[in-house]
């Protein structure tokens, strides 16, 4: 090499700087071109460009040893791949792949099976050989395509990136803290661990944003009940994402949380319906806000829950509630149920166990009443029969407290079992011929066939 390293770096960066006007005009044209190319795509948010600064050019020449590949400083224009950076910003992570596929379909002309162009513009070329997304040194994925643009007889290299909102945010933070800030090199490992945790949280946020978008997008013509169901699905997804990540980080295992989450969400929405029916929207927003906070903090699941004295106004409530108080420190799944409820509701342990017990008991009572009310009995006899069967059901439930017993699907199974058991009852006298022990056998049959105990049998 004819020049010293540092002299070469200065001259090479000067070469690019002298072409600043051409580079700037080329950048603007590239932005306009891709805006027109992707016009009408609902995934698209914006397209931005950046021109590499003199300091960044110098740093990259040294870091990538470009000076070893150049005979003259002017050669840097052909070697440096990202003098211009074009960033296509889209809504969600999944949209990145959709936009890349669109670009790949439009850039379908080639003369050398390396550089591809569109029918409308032969001077803008993309290298589409590399598999996308690519893996960065940090282990995360990125859609990154090398390109070149021939402008006024000069070929300018550019890099095309496709990034979602959260990945734009992540990329900017990582670049400023990890990539640029060499003063923190002694603590780099610590910072990387911290930043990776942030990245995972951002991915979770992306999922949440997508869920919110999908649900809200379809609310316009939905009925009230349908809207509530959609909000329940949205909250369920958020809870699943938050706690599955926390369980993986703390315990290193993947758990099926569906039954737990369905039970928690059913409880949360029932609580709103019965205590604050006129402020449904506000209460849902409160839940969403709480989940945002929880996503960035630690849950208390897995810790011993101390339960004080709880006053119950019915013997079945007391039976279930006292048994539950014991289970939450024996059964991890029940511990997680209560931990999630406590995280979101922020009430006392005693209050939440009492209200949750009321929710479970009266859900069962409601299902039982749906069947009993069809019988040709006096109202007094019907009510007595409701509580007779309710007591039997909770005697069955409280033997092992399977989480699956208390999901909506399970409650439907319960209602079907009772309907079958009482299907031949037309007059009160026929009740005397029933063997109530047969009802327990029928519950076993229904729950086993509907997978409540399936795992145990297998």
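Rule-based calculations on the coordinates, nothing more; no lab input. Model, not experiment: these values are computed from the prediction. All Cβ positions, even for glycine, are placed from backbone atoms using ideal geometry, and neighbour counts span all protein chains on display.
Would you mind getting me the FRET efficiency between residue 200 and residue 434? Use the beta-carbon distance for r and R0 = 45 Å, nearest 0.05.
Once the sixth-power term is evaluated, E becomes 0.20.
Ranking request for peptides 149-159, 32-42, 94-104: highest mean number of other beta-carbon atoms within 10 Å first, then the rest in descending order.
Output ranking for 149-159, 32-42, 94-104: 94-104, 149-159, 32-42.
Could you check the simple spin-label distance between residue 54 and residue 142, using points 7 Å along Cα→Cβ, in nm with one decimal?
2.6 nm
When only Cα pairs under 8 Å and 6 or more residues apart are kept, what is the percent relative contact order across region 5-165?
24 percent
For region 5-165, what proportion of DSSP beta bridges, expressed in % and rounded to the nearest 5, is antiparallel?
80 percent
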